[in-house]
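Below is one structure, written out as structure tokens, with a few remarks after it.
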Amino acid sequence: MIRDILHTLRPACLMLVALSLISGLAYPAMVTGMAQALFPRQANGSLVTSGGKVVGAELIGQQFSGPGMFWGRPSATSPQPYNAAASGGSNLGPTNPQRLKNVAERAEALRNTHGDGPVPQELVAASGSGLDPHISPAAAQYQLVRVARERGLDEPSVRALVAKRTEGRQLGFLGEERVNVLMLNRDLDSLAGKAQNTGKQ
Amino acid sequence: MMSAIDFAQLCVFLVLLLGLSWPLGKHMAAVLEGRDHPLARVLGWLERGLYRVCGVDPAQEMDWKMYALAMFLFNMVGFAALYILLRAQALLPLNSVGLAGMAPDLAFNTAMSFTTNTNWQAYGGESAVSHLTQMLGLTVHNFVSAATGIAVLTALIRGLTRRETRAIGNFWADLVRSTLYILLPLAMVLSLALCWQGVPQTFAGAVNATLTESVAYEIPPSADDFKADPTLKPAPVTATEQTIMRGPIASQEAIKMLGTNGGGFFNANSAHPYENPTPLSNLLEMLAILIIPAGLCHAFGRMVNDKRQGWVLIYAMTTLFLGFIVLCWWAESQGVPQVAAITGGPFTGNMEGKELRFGILNSALFATVTTAASCGAVNAMHDSFTPLGGMVPMVLMQLGEVVFGGVGSGLYGMLVFAIIAVFVAGLMVGRTPEYLGKKIEAFETKMCSVIIMMPLFGVLMGTAWAVLTELGRGAVANPGAHGFSEILYAFSSMANNNGSAFAGLSANNALYNLLGGFVMFTSRFWLAIPVLALAGSLAGKKMVPASAGTLPTHKPLFCGLLVSVVLVVGALTFIPALALGPIVEHLQMLGR
């Protein structure tokens, strides 16, 4: 038995080293090479730049709370919302009183600025990653009047921007329709910049 | 709500899964039988080189004890290497944000977790593991733990097909072939597809983005400081930058799915937009989880020279799968009535912990897929699911990960249930049971019982232990029945090598790390080794020709029997525990 173990230990160690080199170094290195050549933008994180400066990533949401901005989903990351160095959800259970309290507070805050109507679900529920970049077209519609009013823009032009940033279901049937909040707000800023010629608000 | 377009998405997923599993099964059967196939012509030099370097003769057959020894030693050497890597990562390169080495108990848990194909993570990926560890430690184990599963399964199939021999194959050959010809090519293709959809793949580290709108927040004083001076106030801070973590994500994401591993690059796992950016990437990831386990059923049918034997297992698995996905989908669409009462208007389902791009169906489907297999990746936070929605993944794990199941381990688990099913049928009619021409006698029945009992024991005893200790209860994040569900889920996950969590549980303490690590160890190797013993015993038997009294194991009757045995064993074991967790919580939610 002992002899068997010693006899097997050698191939076990060598096999681990060899397979580690293949699957742990060669494989990621090869994929990196091909990915950087074929899809350089995605492989580097779909970053958004402005004036040579990185201002975010298209796939990673940011916190927006200004009155002239579209607001994204609540984020439960800590210590600050939309912390892209520590992703995560709230993990609050369905019957946890804290969850209902959060929902009630968020709904109230939304109603204070948007009137007493029904509130879109995803605007009162924290996302799974805390970095969800999207809201539904309905939630964008819900905020549209406020954003247009605060920015002194006419509703049709804001509506056109929302339509431009609305992504349909992928391949026509996959997933949900969605609006990228960061990209929409950047569009708004550049529209405002054009209108007032004063750059970002 | 449960709309037609959601139904279409579910159908497309199932059609793609079943359709693609057929050609893959054909390829895998060729690989595992050591026959010629196209990839052998491309990568054959690498395979032969590996044998030469390691001093292995692939044609040298092993008996079950030698096979088990090689499998076990290889995995334990890998465990030790990963443990050292996790402890020492601070001293090693490719550590862009200067992460520290892991504490001993957490490193033990993590190393055991990845060695056993569990990928339970008591840490947040982006804030605890360097790029070097991700690649050379975790990615490697994602490959070899999956290949180990396929190897053990292959040995069991040989036991069923061979007669009057002690030989059940060569572990090194099975390991190398599974890695090179099954996992590696699929992972290459999938990682590029994922990158196309937006998953980063770079050795560059984090990037700091200037925020469009700065974020004001507060940092609370640390617990120790607060104890010393309770008058301390949280410190107000304004963030003007967002630190965006990147890395070689696509390559790890691909094998994490294909190997049914599930350990995320990021804490949020496949809910993170960098791990799973689009609905299409989500579809590919779900397919990747189940494609090898489903394909192996067809490979099994081919290897036993009766394709119907593979189909019957697929039917049984799909039946169970459909029942569970519909329940989860329905429960999540219903959502939490109290939340709907606050928001008013049209209710679109339980969105807490879910990503908008996936919505209700794709979150419920992913949860069902990941726990039907022993993957454990998540694209939504299971902890925030409705009570019944969260019970679905829990039950799927508790059934022993046999609904498609883990790579290799799912099918050997299902074959054990098939043997139990013919045993039960044999008891009913008073005949010695047979499976695929092999008589099932006392030794086989004992091994099958051990294999089925071990995870059950791990789940219930682990949960009981945690509930009885301060350390176990203190980790709970949600009050009441849901807190118990968090603990039950944790041990259901670890004792079935799944790795998903009700992640509110603060599982990084000595109890969960050490007890959990032990449970993961037993339910991987105390299953794999009895499976090999079973293979050895079956291989030594004669073939019994089928007679009029033989139960045909390719007919709907057997399919129904198999499904019932799986459900009855699970129900008898877990209904009392489930009644204390999700079931009572569901009643509480309705009764408010």
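Values quoted throughout were computed directly from the atomic coordinates according to the rules given, and no laboratory measurement underlies them. Values in this document were obtained by computation on a predicted structure and should not be read as measured data. Glycine also receives a Cβ, built like all others from the backbone with ideal geometry; neighbour counts cover every protein chain displayed.
Which order do B:141, B:27 fall in if you start with the one that has the fewest other Cβ atoms within 10 Å?
Going from sparsest to densest Cβ surroundings: B:27, B:141.
P(r) of the stretch B:1-157 in 10 Å steps, Cα pairs, percent per bin?
Here the calculated profile for the stretch B:1-157 is 9, 26, 26, 25, 12, 1.
State, as an integer percentage, the relative contact order of the stretch A:1-129 based on alpha-carbon contacts under 8 Å between residues 6 or more apart.
Computed value for the stretch A:1-129: 17 percent relative contact order.
Could you state the number of Å between the C-alpha centres of the stretch A:90-161 and the stretch B:77-105?
42
Please state, to two decimals, what the Cα-based radius of gyration of the stretch A:45-196 comes to when divided by 2.2 N^0.38 Å (N = residues). Present the calculation step by step, with values, prior to reporting the outcome.
Working: Rg = 15.8 Å, N = 152, 2.2 N^0.38 = 14.8 Å.
That ratio works out to 1.06.
Using Cα pairs under 8 angstrom and six or more residues apart, how large is the relative contact order of the stretch B:135-287, in percent?
The normalised contact order for the stretch B:135-287 reaches 29 percent.
How many angstrom lie between the C-alpha centres of the stretch B:526-592 and the stretch B:291-336?
When both Cα centres are located, 14 Å separates them.
Which entries of B:256/B:439; B:65/B:307; B:439/B:555; B:65/B:542; B:65/B:256; B:256/B:541 have Cα-Cα distances beyond 28 Å here?
B:256/B:439; B:65/B:307; B:65/B:256; B:256/B:541
Kindly count the pairs of lysines across chain A whose alpha carbons are less than 22 Å apart, treating pairs on different chains or eight or more residues apart as eligible.
Close lysine pairs under the 22 Å cut-off: 4.
Which ³J(HN,Hα) values in Hz, rounded to whole numbers, follow from the phi angles of the stretch B:131-147 under the Karplus curve 6.51 cos²θ - 1.76 cosθ + 1.60, where θ = phi - 60° and Gly and Pro get x?
Karplus-based 3J(HN,Hα) across the stretch B:131-147 equals 4, 5, 5, 4, 7, 6, x, 6, 4, 4, 5, 4, 6, 6, 5, 5, 5 Hz.
Direction-averaged shadow area of the convex hull around the Cα atoms of the stretch B:413-459, nm²?
Details: hull surface 13.4 nm².
Its Cα hull, projected and averaged over all orientations, spans 3.3 nm².
Quick check for me: using +1 on Lys/Arg Cβ and -1 on Asp/Glu Cβ, what's the dipole size of the protein assembly as shown about its Cα centre, in debye to the nearest 20?
In debye, rounded to 20, the protein assembly as shown gives about 1680.
May I ask you to work out the translational diffusion coefficient for the stretch A:2-41 at 20 °C, viscosity 1.002 mPa s, via Stokes-Einstein with Rh from the Kirkwood sum over Cα pairs, reported in whole µm²/s? Write down the numbers at each step before the final one.
Details: Rh = 12.1 Å.
Value of D from the Cα-based Kirkwood radius: 177 µm²/s.
With a cap of 16 neighbouring Cβ atoms within 10 Å, and only residues DSSP puts in a loop, list the GluC sites (Glu not before Pro) found in the stretch B:440-529.
Here the sparse-neighbourhood loop sites are B:441.
I'd like to know how the protein assembly as shown sits against the 2.2 N^0.38 Å rule of thumb: what's its Cα Rg over that expected value? Each step should come with its number before you reach the end.
Numbers: Rg = 26.4 Å, N = 793, 2.2 N^0.38 = 27.8 Å.
Compared with the compact-globule rule of thumb, the protein assembly as shown sits at 0.95.
Please state the relative contact order of chain B as a whole percent: Cα pairs under 8 Å, 6+ residues apart?
About 20 percent, as a whole number.
Restrict the search to the stretch B:126-219; then list the GluC sites (Glu not before Pro) that DSSP places in a loop and that have at most 14 other Cβ atoms within 10 Å of their Cβ.
Of the GluC sites (Glu not before Pro), the ones in loops of the stretch B:126-219 whose Cβ has at most 14 other Cβ atoms within 10 Å are B:164.
For n ≥ 4 DSSP H runs only, could you compute -39500 (n - 2.57) per run for the protein assembly as shown, divide by its residues and tell me the 222 nm figure to the nearest 500? List each step's numbers first, then the result.
Numbers: 29 runs with 455 residues, N = 793.
Here the helix-only value at 222 nm equals -19000 deg cm²/dmol.
In nm², what is the average projected area of the convex hull enclosing the Cα atoms of chain B?
28.4
Which cross-chain or sequence-distant (5 or more) residues have an amide H under 5 Å from the amide H of residue B:439, H modelled 1.01 Å from N in plane?
Amide H to amide H, under 5 Å and 5 or more residues apart or across chains, residue B:439 pairs with B:544.
Which loop trypsin sites (Lys or Arg not before Pro) in the stretch B:16-121, with loop taken from DSSP, have no more than 10 other Cβ atoms within 10 angstrom of their Cβ?
Passing both the DSSP loop test and the Cβ count: B:35.
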